[in-house]
Amino acid sequence: QVQLVESGGGLVQAGGSLRLSCAASGRTFSNYTMGWFRQDPGKEREFVAGITRSGRTVYADSVKGRFTISRDNAVNTVYLQMNSLKREDTAVYYCAADSRPGGSMYDRWQYEYWGQGTQVTVSS
């Protein structure tokens, strides 16, 4: 079992930055693929970024060049640095973990564990 706790959300002006953190419990964090997803009310939960146990990263086209996912296995934490934020980035952001190698990081159904989410609101 893995428990995930997100933090770092808030209200920011367009063009600003935020860094989200996701702290994971358990001793096998380094073996997990980690992902960030987001969801606006009334919309599907969508992929934002993912990072494998080896550090390979992938991004949604909408955030490429603006967001950076990283992980620190020493403190069981994955981060999402968000720069040049836009109003359309407003959503609840969720951290997710997948213990099974080889799956698609883009697929929400691949992930076994989810955090409770943290709200990001970008104002114009």
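The values are calculated or read from the model by the stated rules, or taken from the named source; none is laboratory data. Because the structure is predicted, anything quoted here is derived from the model rather than measured. Backbone-built Cβ (ideal geometry, glycine too); neighbour counts: all protein chains shown. In case anyone asks, the SASA skips ligands and DNA or RNA and just uses the protein heavy atoms, side chains included. Shrake-Rupley method; radii C 1.70, N 1.55, O 1.52, S 1.80 Å.
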Check: In this structure, is Ser21 assigned to a strand (DSSP E or B), farther than 13 Å from Met105 by Cα, touching a residue at least 24 places away in the same chain (Cβ under 8 Å) and open to solvent by 20 Å² or more (accessible area, probe 1.4 Å)?
Finding: yes
Looking across segment 28-83 at residues that are in contact (Cβ under 8 Å) with a residue 60 or more places away in the chain and touching a Pro at 6+ places or on another chain (Cβ under 9 Å), the single one that is surrounded by the fewest Cβ atoms within 10 Å (Cβ to Cβ) is Asn31
Those residues of segment 85-121 which are touching a residue at least 12 places away in the same chain (Cβ under 8 Å) and of a type in the set (A, V, I, L, M, F, W, C) amount to Leu85, Ala91, Val92, Cys95, Ala96, Ala97, Met105, Trp114, Val120
Filtering segment 62-73 down to residues that are among the small types (Gly, Ala, Ser) and either under 13 Å from Leu18 (Cβ atoms) or not in a loop (DSSP other than H, G, I, E, B) (or both) yields Ser70
Those residues of segment 74-124 that are in contact with a Phe, Trp or Tyr (Cβ under 6 Å, 6 or more places away or on another chain), over 17 Å from Leu4 (Cα atoms) and part of a loop (DSSP other than H, G, I, E, B) come to a total of 1
Of (1) over 13 Å from the mean Cα position of the chain (by Cα); (2) under 17 Å from Glu46 (Cβ atoms); (3) open to solvent by 40 Å² or more (accessible area, probe 1.4 Å); (4) of a type outside the set (Ser, Thr, Tyr), Arg100 fails just (2)
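Of all residues in segment 104-124, how many are in contact with a helix residue (DSSP H, G or I) (Cβ under 7 Å, 6 or more places away or on another chain) and either closer than 16 Å to Val48 by Cα or of a type in the set (A, V, I, L, M) (or both)?
The first filter runs over segment 104-124 and keeps only residues in contact with a helix residue (DSSP H, G or I) (Cβ under 7 Å, 6 or more places away or on another chain), leaving 104, 120, 122, 124.
Now narrow it down to the ones that are either closer than 16 Å to Val48 by Cα or of a type in the set (A, V, I, L, M) (or both): 104, 120, 122.
Number satisfying all stated conditions: 3.
Just give me the residues in segment 24-57 being part of a strand (DSSP E or B) and among the hydroxyl-bearing types (Ser, Thr, Tyr), in sequence order.
The first filter runs over segment 24-57 and keeps only residues part of a strand (DSSP E or B), leaving 24, 33-39, 46-51, 57.
Selection gives Thr33, Thr57.
Is it the case that segment 4-15 has a residue that's open to solvent by 50 Å² or more (accessible area, probe 1.4 Å), under 14 Å from the mean Cα position of the chain (by Cα), touching a residue at least 12 places away in the same chain (Cβ under 8 Å) and at negative phi?
Of segment 4-15, the ones open to solvent by 50 Å² or more (accessible area, probe 1.4 Å) are 5, 7, 11, 13-15.
If we keep only those that are under 14 Å from the mean Cα position of the chain (by Cα) as well, we get 5, 7.
Of the ones still in play, those that are also touching a residue at least 12 places away in the same chain (Cβ under 8 Å) are 5, 7.
Retained after the next criterion (residues that are at negative phi): 5, 7.
Scanning segment 4-15, I find at least one residue that is open to solvent by 50 Å² or more (accessible area, probe 1.4 Å), under 14 Å from the mean Cα position of the chain (by Cα), touching a residue at least 12 places away in the same chain (Cβ under 8 Å) and at negative phi, so the answer is yes.
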